Amino acid sequence: MSELLDVRVASVRQLTPLVREFTFEAVSGDLPGFSAGSHVQVHMPGTGRPLCNAYSLLSDPQQRQHYRIAVRLQEQSRGGSRFMHEQVKEGDVLRLSPPANLFAPHSRAGHHLMIAGGIGITPFMAYIAALEQRGGSMELHYAYRSGLTDTYLEELAARLGAALHPYDGRAGQRLDIHQVLSDQPLGTHVYICGPDSLISDVCQTADALGWPAERIHWEAFAAPEPGEPFVAELADGRTLAVPGDYSLLEALEQAGVPVPNLCRGGVCGQCMTPYSAGEVDHRDLYLSDSERADHLMPCVSRGKGGCTVKLAL
Amino acid sequence: MTTAAMLSTPVYRPVLPPLPAQHRLLVVQHLALPETAYWQQQLGEEGVPVSLISLNADMEQLCGSLQQHLSQARVGTRLYICGDESFLWKVHQQARQCGLLNGEIELIRTADSRELYCVHCSTLQTIEPAPLVHCRQCGLQLMVREHFSQRLGAYMGVCNDPFAPYGPTTTASASLEEQAS
Ligand code: FES
């Protein structure tokens, strides 16, 4: 794994009761540059367990002095978002993985159509900054709940004007995906970030309207959901008990079995691991059905309750 | 060697996959092609609107109307090109320049003839399916390589035998040589 960055929390802002924003600066030297759509993994110390979540960088990629992320408190949190909300204060030092990008705006798109659900707005904050600089054509459709997940709404309205299409779920406003997708000029690429249901709705509608896969880009929330405890057996015969609020990847890391990983959200394919026995609850968005017969993504997938999964590790 | 298909050899599907679309655009080489009516009907089957553009003998004019069509088009438009191989790739190239992706273009080949590019004198010529031909311009005997240039819409023809560039003079002398060796 590439070397971790030490950063200091320069400021913390509570944006809504559910969303907190963190600004990080380098403890020494410069922060590495990043491109729009990049994320970092935040390592959370002192939780008695290896906890590490990926968050999109939302600051202007040209701004090299700091990184900014926003964290939504998840009701179903395994501890990551709760830790960020309750423990992290100004002046704290955290470790980050260097930025990686799995969700960059397409360089040849004639028009960028962004669709965000709630906290899914974060990568688009960096997109908008980058597209403004290069004069890219864009529009943003933003579905949120006012007062809870309407982060950056005023700033977006000021920057985008008529290119912002807001939908307040609390006021019953609905994003008509079919209508939006059926009237886009030929060179358009669509980018979706938000809950799985939003991503699959947009993908299915686009598909039915004849959008080819190359024009559709999405990023799911990169946080594994908790599940049932199960047992992992390693190739050397060692067994690990994986608690319900640990991902398999975290359990392996804690046992000193590092697995390469990038998104920690089941989309990048980095952590692919072969297994030979056990019933697996596949939760990734990466493997094909046939690959699932003997491979799993330990960052999100896990053994079904109580069973033993034999890993070829 | 020449029979193994190279990566650059285009593959034309005998049956088109049923791809969803908001709009279909059919570009045919000649209105008189028997395929025209067939595909116009096929493509419109689920009630998706189909527009038809035909060559009318003038490639430039065709490209103009294609460009105009595509500048108004929405994502969800699929392009179907119907004609001989060189026609297919000329229109394909034009469509790519207008912003269509490969996945949005289907090719329907109507004739077996191929275009051959003589790498020695740069002449493009239509050939029948045969592995060896004589260049119409420089007369060299060319081996038809399966390497296909999408830009030229043509296969590459290279000199088959540098010791007999215009081919064996008579079949008799060729068989004599064989006996000698
Ligand atoms: S780390 Fe990306 S799929 Fe597991």
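Of all residue pairs spaced 6 or more apart or on separate chains, those with beta-carbon atoms under 8 Å, a first member in region A:287-301 that is at negative phi and a second member that is more than 13 Å from the ligand (Cβ to nearest atom) and part of a loop (DSSP other than H, G, I, E, B) are A:V300/A:E225.
Counting residues in region B:64-75 that are open to solvent by 40 Å² or more (accessible area, probe 1.4 Å), within 14 Å of another protein chain (Cβ to nearest Cβ) and part of a strand (DSSP E or B) gives one or more. Looking only at region A:292-313, residues that are hydroxyl-bearing (S, T, Y) and either away from the ligand (no atom under 14 Å from the Cβ) or open to solvent by 40 Å² or more (accessible area, probe 1.4 Å) (or both) come to 1 in all.
Inspect region A:177-186 for any residue being more than 9 Å from chain B (Cβ to nearest Cβ) and open to solvent by 30 Å² or more (accessible area, probe 1.4 Å) and give the result as yes or no. Yes, because at least one residue in region A:177-186 is more than 9 Å from chain B (Cβ to nearest Cβ) and open to solvent by 30 Å² or more (accessible area, probe 1.4 Å).
The strands (runs of 3 or more DSSP E) located wholly in region A:98-203 that include 1 or more residues which are touching a residue at least 24 places away in the same chain (Cβ under 8 Å) and over 18 Å from A:L58 (Cα atoms) occupy A:111-117, A:164-168, A:188-194.
Exactly one residue among A:P105, A:P123 is touching a helix residue (DSSP H, G or I) at 6+ places or on another chain (Cβ under 7 Å), surrounded by 16 or more Cβ atoms within 10 Å (Cβ to Cβ) and at pLDDT 95 or above, and that residue is A:P105.
The set of residues from region A:1-38 being closer than 20 Å to A:C271 by Cα and open to solvent by less than 10 Å² (accessible area, probe 1.4 Å) comprises just one member, A:S38. Within region B:107-151, how many residues turn out to be assigned to a strand (DSSP E or B), without any contact (Cβ under 8 Å) to a residue 60 or more places away in the chain and either in contact with a helix residue (DSSP H, G or I) (Cβ under 6 Å, 6 or more places away or on another chain) or closer than 27 Å to B:L26 by Cα (or both)? So the answer is 7. Does region B:5-21 contain at least one residue that is closer than 16 Å to B:F148 by Cβ, more than 14 Å from chain A (Cβ to nearest Cβ) and surrounded by 14 or more Cβ atoms within 10 Å (Cβ to Cβ)? Yes, region B:5-21 contains a residue that is closer than 16 Å to B:F148 by Cβ, more than 14 Å from chain A (Cβ to nearest Cβ) and surrounded by 14 or more Cβ atoms within 10 Å (Cβ to Cβ). The residue that is farthest from A:S197 (Cα to Cα), counting only those in region A:278-291 that are in a loop (DSSP other than H, G, I, E, B) and away from the ligand (no atom under 12 Å from the Cβ), is A:G278.
Scanning region B:80-115 for residues that are in contact with a His (Cβ under 9 Å, 6 or more places away or on another chain), among the aliphatic types (A, V, I, L, M) and open to solvent by 20 Å² or more (accessible area, probe 1.4 Å) gives a single hit, B:L107. Taking the listed residues A:S77, A:S97, A:S81, the one that is surrounded by fewer than 20 Cβ atoms within 10 Å (Cβ to Cβ) and of a type in the set (S, T, Y) is A:S77, with no other qualifying.
Quick check: anything in region A:166-174 within 14 Å of chain B (Cβ to nearest Cβ) and under 28 Å from A:L285 (Cα atoms)? Among the residues of region A:166-174, not one is within 14 Å of chain B (Cβ to nearest Cβ) and under 28 Å from A:L285 (Cα atoms), which makes the answer no.
The values are calculated or read from the model by the stated rules, or taken from the named source; none is laboratory data. Keep in mind the model is a prediction, meaning the values are calculated, not measured. In this analysis, Cβ positions are derived from the backbone assuming ideal geometry, glycine residues included, and neighbour counts consider all displayed protein chains. The accessibility values were calculated without ligands, DNA or RNA, using every heavy atom of the protein model including side chains. Shrake-Rupley method; radii C 1.70, N 1.55, O 1.52, S 1.80 Å.
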